[in-house]
Amino acid sequence: MKAFAIREQMNGIEEPPGKTWFWELEAGVIFADRCVRCGSCVAACPSNSIGVRADTGLPELVKMCTGCSLCWDFCPRGGLRYEALWPPSTTRADDAPVVSRPDASDPYWKLTGGPPGEGLGAVLERYAARAAPRLPGAQDGGVVTALLLAALDAGDIDGALVTRPSRDRSEPWKGVAHVATSAAEIREAAGSLYNQTMALAELDLSRCDLPERPRVAVVGTPCEIQGIRAMQARRWSTGAHRIDSVVLTIALLCTKSFDYEALTLRELRDKRAIDIDRVGKVDVIGGRLIVEYRDGSVALDEPVRDFHGAALKGCDECADFLGRSADISVGSVGSAQGWSSLLARTRAGLDAVNRARSRLDLRDLDDPEALLRLDRLDKRIALRSLERTFDPDAPLFIDYEEHLRSYEGSSRQPVVLRR
């Protein structure tokens, strides 16, 4: 129902022109099953009118909507044109990337709507990296944990918004957003959890033990970084959520996230009889979902396409696998097993890498083309998803088999997202 109709029923007053209400976001994104649970709408609301519904984990209106339109404007599945957040790049003859615009980490950086970044996007330095020594609980190279620990020890940040395992025993292997303020809390968040967490809703830092003017790093999926970058580019009163406190963004290379109940409980526990309490690791590699028990035995090794029904539908629309608007992008694609691909995109990102050099093994990126291949595939999926908006009967295009065939006869191993 359009908001103006609701207003007329309540008080007979016609809606002012140019208003966009939460109800429109609700109808076009949330009820349409397109929400990617990034929390941008919660963080953007200047009147703190949007919260998170406890039983669904989805945004809901908790008090009067003023019709400011910001929840719609900054929603990656609503009005946000996230490609405008991608600083374009050029390349020299030696294929070394060169940034051709101001640093995107500048909070006064403006949305220009310019051409999107080409290739890997804006990259100052790129590496295959791993923590040295190996960090307990790390999923791949332990790079993100090493970066955060170095920044915290140096006093560059006061805390980091991360995903850690839920402490509710009834929610095994569920990730929850948390602002970590100590090295121990950062280490607790090492490893991957494959559900979205409405992370930006946790940027209400009044509940955290932080300085009056805190400096926070955010580790998140590309859609979460999109919301942050867009909000930093437009100054307004943001209510309780301190977007201004974010001084470092680390994007996890991502093709999709899953609904916790659909993947962990319905698909793994109920349909496949996985003992979730015994699980020690969940991974996605080579187009397969792999679940290992703590004793090292493999509980499940199955094509990830079999779990597409448990993925968030809005992820199909995203063409930002590489997290182009972040300060740093990190993921396993393009690097050997046990290593991570690290793209330092901005001066703030490069400073964070330099702080952590003593904690990292760094070498040349193993296979940049693998990143580009999966980026192209991600864009084709997004295009097909857009086409389905106009033709709902069209089949969704996810060609994992093509991706795997590209490695036939090669010494390289097929790679897909590992968060």
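Values quoted throughout were computed directly from the atomic coordinates according to the rules given, and no laboratory measurement underlies them. Just so you know, these numbers come straight off a predicted model, no measurement behind them. FYI the Cβ positions are ideal-geometry reconstructions off the backbone, even for glycines, and counts take in every protein chain you see.
Loop-resident trypsin sites (Lys or Arg not before Pro) (DSSP state other than H, G, I, E or B) in the stretch 279-333 with no more than 12 further Cβ atoms inside 10 Å of their Cβ: ARG294. Of the trypsin sites (Lys or Arg not before Pro) in the stretch 15-63, the ones in a loop by DSSP (not H, G, I, E or B) with at most 14 other beta carbons within 10 Å are ARG53, LYS63. Listed values for the stretch 216-232 are Karplus-derived 3J(HN,Hα) couplings in whole Hz (6.51 cos²θ - 1.76 cosθ + 1.60, θ = phi - 60°), namely 10, 9, 10, 9, x, 6, x, 5, 5, 5, 4, x, 4, 4, 5, 5, 5, and x replaces Gly and Pro. Each of VAL353, VAL284, VAL298 was scored by other Cβ atoms within 10 Å of its Cβ. Listed from fewest to most, they are VAL298, VAL284, VAL353. As a rough footprinting exposure proxy, the listed residues GLU212, GLU60 were ranked by other beta carbons within 10 Å of their own, and the order from fewest upward is GLU212, GLU60.
Here is the size of the stretch 171-319 from its Cα atoms: Rg then Dmax, 17.3, 52 Å. Give the distance, in whole Å, between the Cα centre of the stretch 315-366 and the Cα centre of the stretch 226-293. The distance from the Cα centre of the stretch 315-366 to that of the stretch 226-293 comes to 17 Å. Each of SER385, SER170 has some number of other Cβ atoms within 10 Å of its Cβ, and from fewest to most they run SER170, SER385. For the cross-link pairs LYS19/LYS256; LYS19/LYS379; LYS271/LYS313; LYS256/LYS281, the ones whose C-alpha atoms lie over 30 Å apart are LYS19/LYS256; LYS19/LYS379.
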